[in-house]
Amino acid sequence: MNSIEFQNTNWIMKGDITLIQAPSIMELTIGYEWKNSVLIDLIQVEEVDTSLLGLIFEWKRQAKKYNKTVRIKNTPSNLESLAKLYGVEKFIS
């Protein structure tokens, strides 16, 4: 099972998103052309670590280069806690 499903400009994340899955997820998204802004839905995400924060920051940097945005939907409470711990909660809300 892939950790990400693409539905037009919606990226639906699934399962665990940790250091183990992060490289393959980045590989799947590296070629995105950024013609449109993206909504990342985390409703099906289970376990996370700071790797997901790193992915989100990288996607936001890439989108910004093309004047696009990345919005996050259904943020898991454990990701919110990590973001708060590192003082970056405004970047994932």
Exercise. Since Gln21 meets every condition but one in (1) in contact with a helix residue (DSSP H, G or I) (Cβ under 8 Å, 6 or more places away or on another chain); (2) without any contact (Cβ under 8 Å) to a residue 12 or more places away in the chain, which condition does it not meet?
Worked result: (2)
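Given Tyr66, Tyr32, which one is in contact with a Phe, Trp or Tyr (Cβ under 6 Å, 6 or more places away or on another chain) and not polar (S, T, N, Q)? Spell out how you get there, then give the answer.
Working: Tyr32 fails: in contact with a Phe, Trp or Tyr (Cβ under 6 Å, 6 or more places away or on another chain).
It is Tyr66.
Could you list, in sequence order, all residues of the range 7-34 that are part of a loop (DSSP other than H, G, I, E, B) and of a type in the set (A, V, I, L, M)? Walk me through it before giving the result.
Of the residues in the range 7-34, the ones part of a loop (DSSP other than H, G, I, E, B) are 8-9, 18-21, 30-34.
Answer for the range 7-34, where residues must be part of a loop (DSSP other than H, G, I, E, B) and of a type in the set (A, V, I, L, M): Leu19, Ile20, Ile30.
Out of all the residues in the range 76-91, is one or more surrounded by 13 or more Cβ atoms within 10 Å (Cβ to Cβ) and of a type in the set (Ser, Thr, Tyr)?
Step one: of the range 76-91, the residues surrounded by 13 or more Cβ atoms within 10 Å (Cβ to Cβ) are 76, 78-80, 82-83, 88-89, 91.
Those left that are additionally of a type in the set (Ser, Thr, Tyr): none.
Taking every residue of the range 76-91 in turn, none turns out to be surrounded by 13 or more Cβ atoms within 10 Å (Cβ to Cβ) and of a type in the set (Ser, Thr, Tyr).
For Ile56, indicate whether it is part of a strand (DSSP E or B) and among the aliphatic types (A, V, I, L, M).
Taking the combined requirement at face value, the residue does not satisfy it.
Each reported figure results from applying straightforward, stated rules to the coordinates on display, with no laboratory input. Note that the structure is predicted; figures quoted are calculated from it, not measured. All Cβ positions, glycine included, derive from the backbone under ideal geometry; neighbour counts span all protein chains shown.
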